[in-house]
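Q: Structure in structure tokens, see below.
The values are calculated or read from the model by the stated rules, or taken from the named source; none is laboratory data. None of the values given here were measured: they were computed from a predicted structure. Glycine gets a Cβ as well: all are built from the backbone with ideal geometry, and neighbour counts include every protein chain shown. Just the protein is used for accessible areas: all its heavy atoms, side chains included, with ligands, DNA and RNA removed. Shrake-Rupley method; radii C 1.70, N 1.55, O 1.52, S 1.80 Å.
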Amino acid sequence: MLMRLFLLFTLVPLIEVMLLVRIGRWLGAGPTLLLVVGTGAAGAWLARREGLRSWRAVQTELTRGHLPTDHLAHAVIILVAGIVLITPGVITDVLGLLLLIPPVRSGLIVQLRNSFTHQIKRGNFTVKTATPFSNESFEEMGREERHESAWPSGREIVVEDESNPDR
């Protein structure tokens, strides 16, 4: 995982710089700078608009008494898109703009959900719940308490990565 992050934070910026230099040679410095600033500004505006829309959907679901899992996932992806769009570069701008398209986000959420479910089934992750100040797990709770709510108040889900023995 550390190697992937290292490659991500070293190779992507290098490729972005090389691509910007080539575009700069082809278009000139001014238009290239305008392209980078323009896509960043447009992306920030789009991310703000989509983020507000997603936030309203989260609030609506909460007022209805539902846990807004899909809406929260959309909000997180929009946040990532905004961060990526603010980062100068052509590849990151294309990625950020793609993440702002609702069907692309929905497809990504489905893929992430399937991947996470697969990891849980393979035993790479386990989901355990416990109260913040006790060792009582959700499984040890009484049957009646378990069926009162899908998300017991005062409890949190702890996801442990069992594939990494160093943790």
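Q: In segment 15-60, what residues are closer than 23 Å to Val80 by Cα and touching a Gly at 6+ places or on another chain (Cβ under 6 Å)?
A: Glu16, Gly43, Ala47
Q: Would you point out the residue of segment 22-32, among those that are closer than 17 Å to Ile91 by Cβ and either touching a residue at least 40 places away in the same chain (Cβ under 8 Å) or among the hydrophobic types (A, V, I, L, M, F, W, C) (or both), that is surrounded by the fewest Cβ atoms within 10 Å (Cβ to Cβ)? Write out each step before concluding.
A: Of all residues in segment 22-32, those closer than 17 Å to Ile91 by Cβ come to 22-24, 26-27, 32.
After this cut, where a residue has to be either touching a residue at least 40 places away in the same chain (Cβ under 8 Å) or among the hydrophobic types (A, V, I, L, M, F, W, C) (or both) as well, the list is 23, 26-27.
Values: Ile23: 15, Trp26: 9, Leu27: 13.
Filtering first and then ranking leaves Trp26.
Q: Which numbered condition trips up Pro68, out of (1) of a type outside the set (Val, Ile, Thr); (2) open to solvent by 60 Å² or more (accessible area, probe 1.4 Å); (3) touching a Leu at 6+ places or on another chain (Cβ under 8 Å)?
A: Status for Pro68: all satisfied but (2).
Residue-by-condition table, conditions (1) in contact (Cβ under 8 Å) with a residue 12 or more places away in the chain; (2) within 15 Å of Thr92 (Cβ to Cβ); (3) touching a helix residue (DSSP H, G or I) at 6+ places or on another chain (Cβ under 8 Å):
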site	(1), (2), (3)
Arg4	no, no, no
Pro13	yes, yes, no
Leu20	yes, yes, yes
Leu34	no, no, no
Trp45	no, no, no
Gln59	no, no, no
Leu62	no, no, no
His66	no, no, no
Ala73	yes, no, yes
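Q: Another question about this same structure. Is it fair to say Ser54 is of a type in the set (S, T, N, Q) and touching a His at 6+ places or on another chain (Cβ under 6 Å)?
A: On the way: of a type in the set (S, T, N, Q): yes; touching a His at 6+ places or on another chain (Cβ under 6 Å): yes.
Taking the combined requirement at face value, the residue satisfies it.
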